[in-house]
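*Asks:* First, the structure itself, so that you have it in front of you.
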Amino acid sequence: MKLQRDLFIGFFRSGLLGFGGGPSAIPLVHKEVVGTFKWMNDQEFSDILALANTLPGPIATKMAGYIGYRLGGILGMINAILATVLPTILMMLVLLTSFNQFKDNPRVQGMTGAVVPIVGVMMGTLTWEFLKKSKNGWGWKKGILLLAGSFVVMEIFHVHPGIVVGILLVAALVIPDKKEKIEMTMKEKSESL
């Protein structure tokens, strides 16, 4: 029961504070899942994020569903998804009734315009954290090259990000990991002795 309560609290907080849609909630979900509750590490979270990006629909609910199911089964999935969408439903009911009265107010327009750079900074911070972690995987050069190559493919050749992520997921499954190579080399050396 504690797990279900923690799932609800973690995803409710990220749903409550993730104003502006799914991308603004990703760093908040990361903070709850990896930082606060330590249900998974950065690598596992980035894998889930990549998988969620390839599927259609809102990313926050996809991540909540997968993480909830992984941790608490069907009940955990339902719990996490409800916790993610409940703040939005409640805030929409309250805010839409009052927002219509104040939509032309310059302060309200300024507040809604201020959300975009904040989300940009949050996503940039998360990207930087993942880039720093790439040093342990492929290394800085390959990580930056992969980032730049993905950017070029999406922006210049107009390839959908889901296709790019799908190709990278397949490549990650096909290309052997450094640790596996080291373990295989050590195993071969010990067998030859």
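What follows draws every value from the coordinates through simple rules; no lab data is involved. What you see is a predicted model; the values in this text were computed from it and never measured. Note that each Cβ is placed from the backbone with ideal geometry, even for glycine, and that neighbours are counted across all protein chains shown.
*Asks:* Give me the distance in nm between label points sitting 7 Å out from Cα along the Cα-to-Cβ direction at M91 and E129, one decimal.
*Replies:* 1.9
*Asks:* Give the order of D104, D42 when sorted by the count of other beta carbons within 10 angstrom, beginning with the fewest.
*Replies:* D104, D42
*Asks:* Then there is this: With angles folded into 0 to 90 degrees, how steeply does helix 140-155 sit against the dominant principal axis of the chain? Use alpha carbons for both and round to 10.
*Replies:* Tilt relative to the chain: about 50 degrees.
*Asks:* Fewest to most neighbouring Cβ within 10 Å: what's the order for E44, E32, E155?
*Replies:* Lowest to highest Cβ neighbour count: E155, E44, E32.
*Asks:* Along the principal axes of its C-alpha atoms, what lengths does region 1-110 span, in descending order and rounded to whole Å?
*Replies:* 44, 28, 26
*Asks:* Which ordering of I59, I74, I163 is given by a fewest-first count of other beta-carbon atoms within 10 Å?
*Replies:* I74, I163, I59
*Asks:* Of (1) 37, 23, 14; (2) 93, 33, 8; (3) 37, 17, 14, which one was derived for semi-axes √(5λ) of the Cα gyration tensor in Å from the structure shown?
*Replies:* Given (1) 37, 23, 14; (2) 93, 33, 8; (3) 37, 17, 14, the calculated one carries the label (1).
*Asks:* Lys and Arg at +1, Asp and Glu at -1: add these up for the other residues within a Cβ distance under 15 Å of G72 and post the number.
*Replies:* +1
*Asks:* Could I ask something else about it? What length, rounded to one decimal in nm, is gained on full extension from F99 through to W140, with 0.36 nm per residue of separation minus their alpha-carbon distance?
*Replies:* Here the segment from F99 to W140 would lengthen by 10.1 nm.
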